[in-house]
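Comments concern the structure below.
The values are calculated or read from the model by the stated rules, or taken from the named source; none is laboratory data. Bear in mind that the values here come from a model prediction, so they are computed numbers and not experimental data. Note that each Cβ is placed from the backbone with ideal geometry, even for glycine, and that neighbours are counted across all protein chains shown. In case anyone asks, the SASA skips ligands and DNA or RNA and just uses the protein heavy atoms, side chains included. Shrake-Rupley method; radii C 1.70, N 1.55, O 1.52, S 1.80 Å.
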Amino acid sequence: MRLSTVILPIHRWVEGQKTWRRAEDLGFHAAYTYDHLSWRSFRDGPWFGAIPTLTAAATVTRSMRLGTLVTSVKPCSPIAA
């Protein structure tokens, strides 16, 4: 049986990287994160982007699959202000 987990992107990378490594060390087949504008009780705290989070997670994991559980279409300008 393969087990997966969800890791919310709420921790700065100093702490977040430990969570991603721990998930792999525990033997999870895959780990996912959400890509939302906010999330219930975490609305007033940090919420980091899914793609940068997954990119960083790829640097500290070896074989665990990574992905987004939910990806949102965010309204934003393609032109940086």
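Across all Cα atoms of the chain, the radius of gyration (one decimal) and Dmax (whole number) stand at 13.4, 48 Å. Residues of the range 1-30 with an amide N closer than 18 Å to a point placed 7 Å from the Cα of R40 along the Cα-to-Cβ direction: 5-11. Under a model in which nothing but the beta-carbon of Lys, Arg (+1) and Asp, Glu (-1) is charged, the chain shows a dipole of about 100 debye around its Cα centre.
Against the main long axis of the alpha-carbon atoms of the chain, helix 50-60 sits at an angle near 30°. The residue list A50, L26, L69 was ranked by how far each Cα lies along the charge dipole of the chain toward its positive end, using unit charges on Cβ atoms, and L26 comes out on top. Take the chain with all the other protein chains still there, run a 1.4 Å probe, and you get 73 Å² of accessible area per residue. Rounded to the nearest 10 degrees, the inclination of helix 13-25 to the longest alpha-carbon principal axis of the chain is 40 degrees. A run of the chain free of exposed loop cleavage sites, with trypsin sites (Lys or Arg not before Pro) counted only in DSSP states other than H, G, I, E and B and at most 11 other beta carbons within 10 Å, reaches its longest extent at 13-42.
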